[in-house]
Structures are given as structure tokens and as C-alpha cells.
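Following: one structure in C-alpha cells, then a few remarks.
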Amino acid sequence: MKPNRKWLLLFLGLVIVLIVDFPIITVILNSFRTTETIVSSHSILPTEPTLANYLFINTRTHFWTFLLNSMIVAFTSSALAIVLAALAGFAMSRYRARILGGYNQALLIVQMFPLILAIIPLFIFFRNLDMVNNFIPVIMVYTVTQLPFATWMLRSYFDSIPRELDEAATVDGCSPLRAFVQIILPLTVPGLVAVAIFSFLFSYNEFFISSVFLRDENRMTMPVGIQSFMQQYSTDWGSLMASATLGMVPTLILFFCIQKYMVAGATAGAVKG
Amino acid sequence: MINNGGGLFTKERTLDLGSDRNLEALGFLADLVKNQDVYPASAGYSGEDAVSAFSQGKGALFLSNPGLSNRLPKIADKFGLVQPLVGPHGDKGTIFWVNNIMLYKQGKHPAETKFFLEWWSEHEKDLWTKGHNTQLPVRKSFAADPYFQGDPETKFILDNYVPVAKTTATLATEIFPKLNDVEGEGALQSLSQSLLQGKDVNSSVKTAADRLKSVLED
Amino acid sequence: MPLKVDLRSRAASPAVTQTINQPFRPLPYVLLLASLAFIFIIEFYPFINGVSFSFHKGSLLSTGAFVGLGNYLRLFNSPSFYNSLWFSFIFAFFNVLVSYVLGLALALFLDPDFPGRGFCRVALLVPWIVPAVVSIVSWKWLIADKGGLVNVILGSFGAGPIYFLSQSGWAMVAVIVIKIWRSFPFMMLSLLAALQVIDKTYYEAARIDGANRWQMFWRITLPHIKNISIIQAILMIIWSINDFETPFLLTQGGPSNATENLILLSYRYTFGRNDVGLGSAVAILTLILLMVLSTIMMRQQAKSA
């Protein structure tokens, strides 16, 4: 490609990035402005940057509680999901049994299941157990909603490990499960980590389930917390922008860690189906 | 609607959203919109947006719960209460809700619970005098307490508004459980949003009435 | 040579014919056990419950009387139901269509190698990975009221302010546009991956034969990405119809229920109106709708694979 053309593409790319990411950029910029300036100012860049909003949410709101709750819930559910998905993915990769085809169908249905249908009975069920405002229902629901994607992705990774390795191990007297844990898993660690982080991301970002079950201010997760700011502080854009900025930092960091795996994973998905 | 002597229901608790007084009141609102006296963005406004607009001097009249000067201390000296507005037929009225204490049928100790309830309702004045609750007390004996009579804003409300205030059950005199569903369903909110967008009064009212009828049929 | 991709049975490992006659091996079943237990508790049991609720007239506190198909009949007679069905449909339709086109365009743009491509690729995924509530906060600031940036820009062209969140039609547009903005990165990522797998020699051969850009796109690129496109479209349709967050956070289904999709309707019936039967009925109908749609589309995909 002609060198000029390459630089033209880069320039175009940066322009597109700027346009597409503009809303998010405004959130970050606005978080450094006071509410009055956000509402009245016409410039994009803050003329008098201030950390007032951050100080406010740090001292006067439950922001860090929200963050902690999100972390707990997302971490537990993605850890669980990975374990379950790894076991199931292994089964689907290495075996042929009728139940596995049925399981695949089940995963499909889980994917398309409108959560509101599950929420109503689950809410009543857990409320009778006095477990509303408890993390457990939320963790369980997140684990299940992550299962289809995680299982399919991990199965893909396992498929890419040649069976000769298992077979060599079993010939040596190893049980298939041991072969899995000791030989295959270590080889797919990057993939495992990527899928785990991906699950974590979606659990962290999730709003609906959390808002139904975790209603107490000291149990809310980040998205629900930010939304509660939207109602309480809809006029207090400053706090809203600051909490939104902080709220998305873990998302962005984690994503940038795994992004090359996402692309590789997407490629694997495209090839293998 | 209530200010104009109307209400959602008849005395017999039948839904009567399309009564003359109601339509007159809603028509008044619709005319304001047609006249462009209503800010176009208000259909998308929440309560918070309204408070904010009022506090920035963008609104002249604001319908609020008691305690607004506590919420807006910085401008508390810039606004005050007006007498209840009088409708074209001479009616005064405003809306209020009663916060009920509920006893559940499934409870295991009904007699003890009722006993407690009676005792509590006679002794709950501390909620205000010590807890500084901003709602108003139901008991007249409480309302006579200097805590309330001493605050000009509260006294004004107690003297002028409470006597003419009605519940959402109007024109029926007592509230009933279905009201919860009626209010929660959102039909009236949608109705006001439709009117604020300038949609036709009669069709908007019909839609809302159908929805409310459907809720009441349950 | 089109790539074979089939959602239904992802049999990608080399054929293992010798397993057919093997004795019963408990291991696969055991491995699935825990997952199955979770799925049973979280999805199957509520599903059965939900079906049962939809045949009763219950509230969140009690089950209520049996009404058979009563709830469903009420839904079929209810304008709110058709309103939400219609909105769900156009929401999904425009979202999938535009996010696909946008995703494809950007994937084609990012396919050739140029400096900074990696950065651009990652930066363009931001709308997808950021929490919905952050997206809504950002867009709300842009479009709320006449001081919002969009209206300021419109004003500089002499156009009047548009109160997006206060008018039914514009609110629908806003919700759909935001959803597209959040969805296209997913399309872009998958399509880009598919594009990069296409053997470049096809293009070489075509160029030698004198084909132009458009012909190459139509005859080489498109057939190669057809399968993945259909899969992504199915997934995106499912996610669109099931989307609670985007309309709820932006408009709570308003104004005047203009942006109320099936999920929000179910939510309103259940939590606003305390009618669990109606809420469950809407949800069941949504599930049926999704199953029908997916089956139709998967048949299409299997036919073309």
C-alpha cells in the first residue's frame, strides 16, 4: 500500500474514533467540571478543571460501596461460570454423547431466555427465603447467563488442543479428568483468563438483575448506584459524570487487558463456528 | 381535576375519569399547551427536574410536598405559599396521600399487633418532634402541638390545605387497596405526558380510562 | 468455499468414530452435572413457575385464582401489548440493520493493515464494553433539553431545539440510535474476524481477472461472511428484544409509553400493577416469539451453509 494511503487511513480512523467515542469522552471531561458549568457552558473542554465532583462522591455518597459490591458479585459469578463452563466445554470438546447435543440446545435457550420471565418467580422464591438484598441470587443468575458464551468459547479453545495430548496422557495411565486438569487447562490459560474477564465484564455492567434484587443502598452494585444518582441527582450532573467515569474505569482497564484475546476468540469463532 | 371538584372515581367507587369536571380541568391543561404556555420539554421531566427548574427561577408556581424550604434552603426566602387556588366553579382542592401502617393477614399474632398499632398511633408524635419527619400528622391532637403550629409554613398548610385535600379515591371517601395498583400502573403519568405533548384530550383520556378500567377489573 | 458454521452442533474436533461403540461413560454426564443444576434452578424452575403464574391472577404476595388463558386473552385485547410488540419489533429491526451495516463498513475499513489500526480497533469497541448506565448518562447530557450539545449544534444550523425525551417520536429515535451505538462494535468485531480469515489469494485472482472493487466485495467477501452474519444477526435480534436497560434507563418506557418494549411492559405489569399473571404472560409470549424467530433464522442459515 502506498505510504500516503496508510497515513490517510490512520487519520480517518482517528476521526472516526473521536466521533464514535465522543459521548464517553464528554463524560470524562464533564466529570472535571462543576454542575453549574456543565449545564451552562458551551465549550467542550473544561475551562476550569476541578476535582470537586470526585471529592463529593468520595465523601458524601456510597460510591465505593457500590464498587465493592460490583466486584464481589462479578468476581464470584465469573469464577463459578468459568469452572462450570470449563467442565462442560471439555465434555463437549472431547466426547460425543446425546446429552451433549441436548445441552447445547439448552445453552441456546438460556441465551434467548427473557430474564424478566425468570426474575418474577425467582424474586418471589428468594423473597420467601428472605434473601432479597442478598448477593447469592444475583451471583447465581449471572453465572447461568454467562454459561452459554463461556462454554462455547472454552470449547473452542479446547478444540484447538490436539487430542493426541489427551491420548498420550491416558496411555500413560492418567484418568481423562486428570489429563484435562494437568495438561489441557494449563495450555489454555490465556483463553481461560480472557473468558473469565469477559464474564466479569458483563456481570459488572449488568443492571437489570441487580436492580431487582439488590435494592438497599449498601448492597447496590455500580450500575444501579449510578442510576440511583440519576434519580436523586439528575440535576447534579457533576456527581453523575464523576461516578460514571470512575464506574467505567475497571471496565476499560480489564477490557484493554484482554482485547487481543477477544479478537483472537472472535477469529476462532469465525473459523470453527 | 381534584381542584375542580372532580376525581378519578364516583362516590360509589366507579371509575369516572371522563366526568365533566375532569375534562374541564384536563382541557384547561391542554389549552395551556396549545397556547405554548407550557415548556415543551416538560413531558420528559421528572420531579427532580421540576424542583430544579423552580429553584432556578424558571417556574412561577410549583406543587410540592411540605418541607420545600428545607429542600431549597438557599432560596427559601424567595418563595412562599399561596392560598389554595379556586376553580371556576368555586372549588378548592388538592391531593394528598395517607401513609398507612399495614397489618398483614398472614401475621401470627393479630391481637398483639393490633394492640401495638393502637398504642403506636397514639404515641408516634416523636417521629416529628424528635425525628423531624417532614410529612404531616394525621391526628389533630398532634397537629395542635407547638412543633407544627410554631412553623409558619406547616401551620399554613395545616390550616388551609389539609381541610380541602383529597385522596386519589375521590370522589369516594375512603381509600381502598386497588388504589395502589391504579397509581402504580402509570396510566395517569402517561396521560399527563400525552397532554403535555399536545395530544388530543379526548383520545388521551379514553386510553387512560381503558387502562385504569383494566387494572380495576383484576 | 464458504466456511461452515452451524450454531446447532459445533462439532469441530476431528471425527472420533471409535467412540460410537464405546461403553457408557459417565464422565461427560458428571461434568455437566453442576451446570445443569444451575440451569435448572435459575431457568427451568422459574420457567415452569412463570407458565403457571401466567395462568393465574396472582400478585407478588399471593398466587391468586386460576384463570386459564384469561391473561393471554386480555393481552390480545390490550393496546399496550400491541404497542410494546410494535416498538420491540422496530427497535430490533433498525438496531440489527443499522448496526450490521455500520459494523460491516468499519470492519472493511479496519481490514487492511495501517499504522494505529490496533488502537482504532480497540477504541471503537468502547461503546460496547462501557456499562449501559454510563452510555445513557453520556447521551442524556447530549440530548436532554435545549442546552444539550445536539441542540446547540442544531441551533447553529438554525434548526429548532428538539426535546428528544419529551416527544414520543423523538424518544423512540433516541433509544434506537443509542442502542445502535452500543451494538455496532459487536458486529464490527465478529465481521472483522471473519474478514481476516478470508484467503487473500481470492482477491489476487479476481484482480488479475479484471474484477473491480464492488464485484470483489459482492462475489468474494459477502459469501464468506454470510454465515457469521446470520449468526450475529440472530444473536443481536435476541439481545434487542430482550433489552431492558437501554429504554428503561433513558426514558423508563415513556413518554406516554412510546418506548415501552415487551420487557418493560412485563416489568410494569409485575412491579407497577402488581399483576404477576399478566407480567408472566407477556414474558412467555416474548420467549415464544424469540424461539420462533430463531428457529426460522437458523433454518435459513442451515440451508445456506
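The values are calculated or read from the model by the stated rules, or taken from the named source; none is laboratory data. These numbers were taken from a predicted model, which means no experiment stands behind them. So basically every Cβ, Gly included, is an ideal-geometry build from the backbone, and we count neighbours across all protein chains shown.
To keep it simple, each residue is scored yes or no on (1) touching a Phe, Trp or Tyr at 6+ places or on another chain (Cβ under 6 Å); (2) of a type in the set (S, T, N, Q); (3) within 9 Å of chain C (Cβ to nearest Cβ).
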{"site": "A:45", "(1), (2), (3)": "no, no, no"}
{"site": "A:70", "(1), (2), (3)": "yes, yes, no"}
{"site": "A:85", "(1), (2), (3)": "no, no, yes"}
{"site": "A:105", "(1), (2), (3)": "no, yes, yes"}
{"site": "A:109", "(1), (2), (3)": "no, no, yes"}
Extreme residue, modelled with the lowest pLDDT, among residues of region C:28-40 that are surrounded by fewer than 17 Cβ atoms within 10 Å (Cβ to Cβ) and at the interface with another protein chain (Cβ under 7 Å from one of its Cβ atoms): C:29
Looking only at region B:94-128, and only at residues there that are over 24 Å from the mean Cα position of the chain (by Cα) and among the hydroxyl-bearing types (Ser, Thr, Tyr), the one that is nearest to residue B:176 (Cα to Cα): B:104
Scope region A:150-183; condition surrounded by fewer than 22 Cβ atoms within 10 Å (Cβ to Cβ), among the β-branched types (Val, Ile, Thr) and in a helix (DSSP H, G or I); matching residues: A:170, A:171, A:181, A:183
Qualifying residue in region A:14-21 (condition: at pLDDT 85 or above, closer than 28 Å to residue C:106 by Cα, part of a loop (DSSP other than H, G, I, E, B) and within 13 Å of chain C (Cβ to nearest Cβ)): yes
Cβ-Cβ under 6 Å pairs, at least 6 apart or on other chains, region B:78-95 side touching a residue at least 12 places away in the same chain (Cβ under 8 Å), far side part of a strand (DSSP E or B): B:84/B:92; B:92/B:86; B:93/B:166; B:94/B:165
Test: residue in region B:84-104 that is closer than 30 Å to residue B:7 by Cα, among the acidic types (Asp, Glu) and assigned by TED's automatic domain parsing to the domain that holds residue B:57: yes
Matching helices (runs of 4 or more DSSP H) fully within region A:31-137 where at least 3 residues are farther than 27 Å from residue A:220 by Cβ: A:35-40, A:63-94, A:98-112
Any hit, region B:135-151, residues being within 15 Å of the chain's Cα centre (by Cα), more than 23 Å from residue B:13 (Cβ to Cβ), at pLDDT below 85 and away from chain C (no Cβ under 14 Å): yes
Region C:56-84 - residue that is surrounded by fewer than 19 Cβ atoms within 10 Å (Cβ to Cβ) and hydrophobic (A, V, I, L, M, F, W, C) and, of those, nearest to residue A:118 (Cα to Cα): C:60
Residues located in region B:170-197, provided they are more than 27 Å from residue B:32 (Cβ to Cβ) and touching a residue at least 12 places away in the same chain (Cβ under 8 Å): B:172, B:173, B:175, B:176, B:178, B:179, B:181
Residue list for region C:233-273, filter: within 13 Å of chain B (Cβ to nearest Cβ), of a type in the set (S, T, N, Q) and either touching a residue at least 40 places away in the same chain (Cβ under 8 Å) or touching a Lys or Arg at 6+ places or on another chain (Cβ under 8 Å) (or both): C:251, C:256, C:257, C:259, C:270
Contacts under 7 angstrom Cβ, first residue in region A:61-74 being over 15 Å from residue A:201 (Cβ atoms), partner surrounded by fewer than 16 Cβ atoms within 10 Å (Cβ to Cβ), 6 or more apart: A:62/A:217; A:62/A:218; A:65/A:218
Test result for residue C:278, part of a helix (DSSP H, G or I) and within 16 Å of the chain's Cα centre (by Cα): no
Members of region C:286-305 found to be free of Cβ contacts under 8 Å to residues at least 24 places away in the same chain and exposed (fewer than 13 other Cβ atoms within 10 Å of the Cβ), listed by number: C:288, C:292, C:295, C:296, C:299, C:303
Condition met for residue A:65 (farther than 30 Å from residue A:158 by Cβ, more than 10 Å from chain C (Cβ to nearest Cβ), of a type in the set (Ser, Thr, Tyr) and over 24 Å from the mean Cα position of the chain (by Cα)): no
